[in-house]
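The values are calculated or read from the model by the stated rules, or taken from the named source; none is laboratory data. A quick note: this is a predicted structure, and the numbers were derived from the prediction, not measured. Reconstructed Cβ throughout: ideal geometry from the backbone, glycine too, with neighbour counts over all protein chains shown.
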Amino acid sequence: MLNNCLDQIRAPTSKTRVFMRCDVNFDQSAQGRNLNTMIGRAAHIEFLENDIYAKFILWSFPEFFR
């Protein structure tokens, strides 16, 4: 999956590309320390389960999704 994304980034094009990084911090203290929290899997699941974060990005940066 990562290689597919990178191939699309590296492909020659005349279009301008914009990359945006959004850092989201979750309070993982309630889940304790386990493998999922240590490798970040729990944060990815939290992001996918709570659509408010995706909606916030869509509302805050609509120009990136047109």
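Between a residue in region 39-66 that is under 21 Å from Thr16 (Cα atoms) and any residue that is aliphatic (A, V, I, L, M) and surrounded by 12 or more Cβ atoms within 10 Å (Cβ to Cβ), which pairs come within a Cβ distance under 7 Å, given they are 6 or more apart or on different chains?
Phe65/Leu58
Condition first: of a type in the set (D, E, K, R) and at pLDDT 75 or above. Now tell me which residues in region 12-31 satisfy that. First the steps, then the outcome.
Taking region 12-31 as the starting set, the residues that turn out to be of a type in the set (D, E, K, R) are 15, 17, 21, 23, 27.
Answer for region 12-31, where residues must be of a type in the set (D, E, K, R) and at pLDDT 75 or above: Lys15, Arg17, Arg21, Asp23.
For region 46-66, which positions are among the basic types (Lys, Arg) and surrounded by fewer than 10 Cβ atoms within 10 Å (Cβ to Cβ)?
Taking region 46-66 first, the residues among the basic types (Lys, Arg) are 55, 66.
Scanning region 46-66 gives a single hit, Arg66.
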